Amino acid sequence: MMNLQQELDALIESTMAFANDVKRRQRIPHLPIALRAAEQALADTSKPVPPSITITPASERDEIRQRVNNFRAHQEKMAREREDYYLQVKARWWRPSRQFLSRLFDGHRTTGAAAGSSSTPRHTDGRDLR
């Protein structure tokens with residue numbers, strides 16, 4: 001208990017010393033003039049922000065209708081973008097590379113000629129590739 005009391009007394013003493021130190025500090029003589037000049041400079045340079053033009057709905061029902069229409073338009077836009085992306089990926093996926101085709105057709109012609117069949121490229125199970 002004694003230790004707690006000593007800590008409390010020390011805290012009070014340091015707080016009082018700080019308060020006295022703040023009182024003893026001299027005021028800046030030209031501070032009010034400097035503050036007024038700074039306030040004036042800020043007032044001159046700051047421009048009021050014009051209020052944004054928003055069309056407020058006439059009723060809550062109109063606001064809900066407007067939000068639903070905006071949401072629907074956004075969903076349609078996303079669906080179009082998703083469809084376009086799908087078609088681009090599909091076109092890339094199904095566009096065969098020339099190297100792959102030349103390897104595929106050259107290999108089948110060789111095996112087809114050796115087997116005595118026509119020059120039509122065939123799949124390994126005998127189906128025509130054309």
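Here the simple spin-label model places points 7 Å from the Cα toward Cβ, and for Lys90 and Phe71 these points are separated by 2.9 nm. Each of Ile64 and Ala79 was given a label point 7 Å from its Cα along the Cα-to-Cβ line. The distance between the two points is 2.3 nm.
Applied to the range 68-82, the Karplus parametrisation 6.51 cos²θ - 1.76 cosθ + 1.60 on θ = phi - 60° returns per-residue 3J(HN,Hα) values of 5, 5, 4, 5, 4, 5, 5, 5, 5, 4, 5, 5, 4, 5, 5 Hz, with x for Gly and Pro.
FYI, it's all coordinate maths here, none of it is from the lab. Owing to the predicted nature of the structure, the values given are computational and were not obtained by experimental measurement. Because the Cβ atoms are built from the backbone with ideal geometry, glycine has one as well, and the counts that use them run over all protein chains shown.
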